[in-house]
Amino acid sequence: MVLPGRAMATFRLALIQLQVSSVKSDNVTRACGLVREAATQGAKIVSLPECFNSPYGTKYFPEYAEKIPGESTQKLSEVAKECSIYLIGGSIPEKDAGKLYNTCTVFGPDGTLLVKYRKLHLFDIDVPGKITFQESETLSPGDSFSTFDTRCQLLVYPGAFNMTTGPAHWELLQRGRAVDNQLYVATASPARDDQASYVAWGHSTIVSPWGDVLAKAGTEETIVCSDIDLKKLAEIRQQIPIFSQKRSDLYAVEAKKP
């Protein structure tokens, strides 16, 4: 996801690594409290993790799902306006017309819902002896891209990697995407709960366009912050001008609408 931003040369990004419990109201209350704390630290863009108001698991999605707008997203709208920040609402289980989705909402500094994104590529995994998990058992995939105008070269991924894919792929993918797109990349994970049916890896991370890890959490509930320097990004793109060397005569990216 590409995030909104004003024409600021430098701004602070914060990731909320939330300890998700089985009580939805507590999750939402604690999330909003941590968003406020991040704002007091100067953050202008704040992201929550994937599935922040519900335990992550196919058996939980039907029980915790809600409409959008709904109780959880209304609280996000209010805290975004209160703190005058851009708030990426991680994701929540959404119910609509008899289907369930893994949905991310983004709110502007005035509390306006800027975009709603339903996860397109559901997470199904079967690694013998390690982990089997299928979002597609209960969730439906989204069917459209969700975009909005931005001047901010930043990719933020609310995610919930596990104890198998986390150590193998979490940081590797972030650093790879940062380098090959010459962008800042951030990933917001839930905190780790070893007693949960699905154990999240944690380690929310912010990576520079050069591939350097600027900030990284451990496994506990915390706030990860880093200043995003768009001047530095422009310098890197000038030093290695990969975008001016694209062969549009040979290939292109095409978006197909359903």
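Here is how the numbers come out for the structure above:
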read-out	value
For Val156, residues with placed amide H under 5 Å, excluding near neighbours	Leu3, Ala186
Potential lengthening between Glu82 and Lys246 on full extension [0.36 nm per residue; Cα-Cα distance subtracted]	54.7 nm
Counting DSSP beta bridges with both ends in the chain, the antiparallel % (nearest 5)	70 percent
Percent accessible area from carbon and sulfur atoms, the chain, protein chains only, probe 1.4 Å	51 percent
Subset of Lys75/Lys256; Lys119/Lys246; Lys44/Lys130; Lys75/Lys119; Lys119/Lys231; Lys231/Lys257 violating a 27 Å alpha-carbon distance limit	Lys75/Lys256; Lys119/Lys246; Lys44/Lys130; Lys119/Lys231; Lys231/Lys257
Helix-only CD estimate at 222 nm, as mean residue ellipticity for the chain, using -39500 (n - 2.57) per DSSP H run (n ≥ 4)	-6500 deg cm²/dmol
Backbone HN-Hα couplings from phi across the range 129-134 [Karplus 6.51/-1.76/1.60, Hz, Gly and Pro as x]	x, 10, 7, 10, 7, 9
Sequence-distant aspartates and glutamates (8 or more away, or on other chains) whose Cα lies within less than 18 Å of Lys232	Asp180, Asp212
Derived scalar couplings ³J(HN,Hα) [the range 99-107; Karplus, 6.51 cos²θ - 1.76 cosθ + 1.60; whole Hz; x for Gly, Pro]	10, 10, 9, 9, 10, 9, 10, 10, 10
Antiparallel DSSP beta bridges within the range 150-258, percent to nearest 5	60 percent
Extension gain, Ser146 back to Lys232 (0.36 nm per residue minus Cα-Cα distance, nm)	28.2 nm
Potential extension, Val127-Asp26 segment - 0.36 nm per residue separation minus Cα distance	33.1 nm
Vicinal HN-Hα couplings computed from phi for the range 27-43 (Karplus, 6.51 cos²θ - 1.76 cosθ + 1.60; Hz; Gly/Pro x)	4, 5, 4, 5, 4, 5, x, 6, 4, 4, 5, 5, 5, 5, 8, x, 5
Those residues of the range 104-118 whose amide nitrogen sits under 20 Å from the label point placed on Ala255, 7 Å along Cα→Cβ	104-108, 113-118
Value of Rg to Rh for the chain (Rh from inverse mean 1/r over Cα pairs, i.e. Kirkwood)	0.96
Positive minus negative residues near Arg177 (Lys, Arg vs Asp, Glu; Cβ under 14 Å)	-2
FRET E, pair Thr112, Gln41, Förster distance 30 Å, beta-carbon r, rounded to 0.05	0.80
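The values are calculated or read from the model by the stated rules, or taken from the named source; none is laboratory data. Treat the numbers as computed from the prediction; the structure is a model and nothing was measured. Backbone-built Cβ (ideal geometry, glycine too); neighbour counts: all protein chains shown. Accessible surface areas use protein heavy atoms only, side chains included; no ligands, DNA or RNA. Shrake-Rupley method; radii C 1.70, N 1.55, O 1.52, S 1.80 Å.
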